[in-house]
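A short reminder: the numbers here are calculations on the coordinates, not readings from a lab. None of these values were measured; they are calculated from a predicted model. Positions of Cβ are backbone-derived with ideal geometry, glycine not excepted, and every protein chain shown enters the neighbour counts.
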Amino acid sequence: MTDSGGMHCEEGVCRRPDLALLHNLLKPTMRYISTRGGMPPKPFSEILLSGLSPDGGLAIPEVYPSVTAAELATWRGLSYPALAFEILSRFVDDIPTDDLRSIIDQTYTAEVFGTSDITPLKTLEPGLHILGLSNGPTLAFKDIAMQLLGNLFQYQLDKTGDELNILGATSGDTGSSAEYAMRGKRGIRVFMLSPLGKMSRFQTAQMFSLQDENIFNIAIRGVFDDCQDIVKAVSNDHAFKQAHRIGTVNSINWARIVAQVVYYFKGYFAATKNNEEQVSFAVPSGNFGNICAGHVARMMGLPIKRLILATNENDVLDEFFRTGVYRPRTTTETRHTSSPSMDISKASNFERFIFDLTGRNARQVRDLWSAVDQGKPFDLSQTPLFAKITDYGFVSGSSNHAARIDTIRDIYQRYQVLVDTHTADGLKVGQAHRETDVPLICLETALPAKFAESIQEAIGREPERPAGFEHLEDSPQRFVVKDADVGGVKAYITEQCNAS
């Protein structure tokens, strides 16, 4: 059959005729499809405010834009906002150019991120770097994308006059980044689910101390995956979603991914002298969002040798990349660790990579995730797909509490640089896969101040806190506690929407 966009589809596999490809080259248009094949191509603005696609899949570009060698050379000297515009404009072609540039310039400022460099590169030794991503208002890398998302949401809502109820789930940093990006914004309410008692004291206080009337914190009796399952269930209830104008800020939102693509380019330029060099990135990963952005950057043509995925004790993703078996864990099997933002056993963004790995075979993705959605594993180890994983540059490894404490201590003693627990996981696994003459860039996850107990254990003292965060845990906290029940969360959303 042929859809309205001229795409020929059979058994969920979609290909464009040569004529359509030629037309797209002559007149570029960026459209998004679903990883499960059930959504007609849509422009960026139509997927911006939504989470899951109507068929339960994730939005993804029909084609990744390619970056030429000449463009890479031109981009090398750009400021962060200028680079962000060049990259984002290739994914966003239905927002007027001047408006998009204004939104980006408003987002990436020294006032918001503490430095005009936005993501400064810290060199530990020749060929070993940390990309500083935690200079935003909540001291975590999530701010890079979330600040842009808040401004994009406000732009769209100002155009339509609509309201938006954001429903999200957090294992630690997404929640505070989203709430700080959306607090006080007209027409936006944020309902953020987090696992009760499973975040650090700093992370918990950072969220729960917010008193803004449009922020609603819901502590769920369970683990992060329970929170994420509730968000997905609500997103799949199309009647409720439409009636209550539900949107999402979790990394299943494509705008989050594309915003993170920018700092892979920025880090590459900072760590290299020319565009003939390759680099590898070590990425702490729980929900596969951060490293998914690296995958997109590599698909665009950024010279990335390896994408080194690091997990903690919840090693579902490491197990897949080592064995070909993707085996989501149950709530009781998910461990509470000292790198809690990665305490995740069902990685939502992983579906986007599998879509690419299968040659964009939506039918196959649908079949695989029908098992995942029932809590069952899938096994690609005996298929040609497992061998193809290396074509995408992925390798992996895992860390544990003792290893991350040792890494924090070692990095501090050798380089006088203090890192948080998640960044330590990335450094531990990254150094295990480090290659001679290939620069290694480890992505910083958060500032050490957010995990004082582990820093105390590693170096014998607590980390310094940035100004304004000295007595955060002593602030009054505002939140409700709910069971891991979709109906109860829906009822709470309805109640709050009717009250305001």
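Ranking Val231, Ser396, Pro340 by Cα position along the charge dipole of the chain, where only Lys, Arg, Asp and Glu carry charges on their C-beta atoms, puts Ser396 farthest toward the positive end.
Pairwise Cα separations in the chain fall into 20 Å bins from 0 onward with the following percentages, short to long: 24, 61, 15, 0. Dipole of the chain computed with +1 at Lys/Arg Cβ and -1 at Asp/Glu Cβ about the Cα centre; of Val480, Thr272, Gly38, farthest Cα towards the positive end is Gly38. For Met30, the residues 5 or more places off, or on other chains, whose built amide H falls under 5 Å of its own are Asp93.
Under 5 Å from the amide H of Val190 lie the amide H atoms of Ile166, Ile215, Phe216, each residue being 5 or more positions distant or on a separate chain, with H modelled from the backbone and absent for Pro and chain starts. Only one residue of Thr407, Thr383, Thr107 has its Cα farthest out toward the positive end of the dipole of the chain, where Lys and Arg carry +1 and Asp and Glu -1 on Cβ, and that residue is Thr383. Bridges between two residues of the chain, per DSSP, are antiparallel at a rate of about 30%.
Loop-only GluC sites (Glu not before Pro) in segment 273-374, please: DSSP not H, G, I, E or B, and at most 13 other Cβ atoms within 10 Å.
Glu276, Glu333
Straight-line reach from Lys122: taking Cα to Cα under 29 Å and skipping same-chain neighbours fewer than 8 places apart, the lysines in range are Lys142, Lys266, Lys273, Lys305, Lys428, Lys450. Loop exposure criterion: trypsin sites (Lys or Arg not before Pro), DSSP state outside H, G, I, E and B, at most 11 other Cβ atoms within 10 Å. Applied to the chain, the longest stretch between such sites is 274-460.
Dipole magnitude for the chain: about 420 debye, using +1 per Lys or Arg Cβ and -1 per Asp or Glu Cβ, origin at the Cα centre.
Stretching Glu457 away from Glu435 to a fully extended chain increases their span by 4.9 nm, per 0.36 nm per residue minus the current alpha-carbon distance.
Couplings 3J(HN,Hα) for segment 354-367, derived from phi with the Karplus relation 6.51 cos²θ - 1.76 cosθ + 1.60 (θ = phi - 60°), are 4, 4, 5, 4, 7, x, 6, 8, 4, 5, 5, 4, 4, 5 Hz, where x marks Gly and Pro.
Ignoring everything except DSSP H segments at least 4 long, calculate the 222 nm mean residue ellipticity for the chain; use -39,500 (n - 2.57) per segment, divide by total residues, nearest 500. Result for the chain, helices only: -12500 deg cm²/dmol. About its Cα centre, the dipole of segment 458-500 is roughly 140 debye, where the only charges are +1 on Lys and Arg Cβ and -1 on Asp and Glu Cβ.
Couplings 3J(HN,Hα) for segment 264-269, derived from phi with the Karplus relation 6.51 cos²θ - 1.76 cosθ + 1.60 (θ = phi - 60°), are 5, 4, 4, x, 4, 4 Hz, where x marks Gly and Pro. Placing +1 on the Cβ of every Lys and Arg and -1 on the Cβ of every Asp and Glu, with nothing else charged, gives segment 147-292 a dipole about its Cα centre of roughly 140 debye. 3J(HN,Hα) along segment 293-306: 4, x, 4, 5, 4, 5, 5, 6, x, 5, x, 9, 6, 9 Hz, from the Karplus curve 6.51 cos²θ - 1.76 cosθ + 1.60 with θ = phi - 60°, whole Hz, x for Gly and Pro.
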